[in-house]
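We did not get these values from a lab; they are worked out from the coordinates using the rules stated. These numbers were taken from a predicted model, which means no experiment stands behind them. In this analysis, Cβ positions are derived from the backbone assuming ideal geometry, glycine residues included, and neighbour counts consider all displayed protein chains.
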Amino acid sequence: MQYTVQDGFPYYIELLRDLNYRQLFSSQENFALLESISEEQASYRYAPGKWSIKQIVGHINDHERIMTYRHYDLAGEIQLNYQVTIKIYLSLTAALMN
């Protein structure tokens, strides 16, 4: 099936074809790449209204935080794990802002 941009997430997953997107988001090489780029490169937008690398990584981080919260909440574990989740979020946010 061919998805369009309006379909959202399925469109982007389809673009990956046979690539393992879970590996993509956990690869140490990708983290090293993100750590190696300058603030100017991280903030660069190739066209008006397009997102920078920094914004994309922040969006992924926010999405993961929200999904983690929802999973803990559904499992009834939010009280036990809330501080750990917040610490991880703050660490990632601080890394992105530096």
**Fill in**
For 55-62, 36-43, ranked highest to lowest by mean beta-carbon neighbours within 10 Å, the order is 55-62, 36-43
**Request:** Multiply the residue separation of Ala42 and Ile56 by 0.36 nm, subtract the distance between their alpha-carbon atoms, and state the gained length in nm to one decimal.
**Result:** 4.1 nm
**Message:** Can you give me the distance in nm between label points at Ser27 and Ile13, each placed 7 Å from the Cα along the Cα-to-Cβ direction?
**Reply:** 1.9
**Item:** Low-density loop positions, chymotrypsin sites (Phe, Trp or Tyr not before Pro), region 1-61 - DSSP coil, at most 15 other Cβ in 10 Å
**Value:** Tyr3, Phe25, Tyr44, Tyr46, Trp51
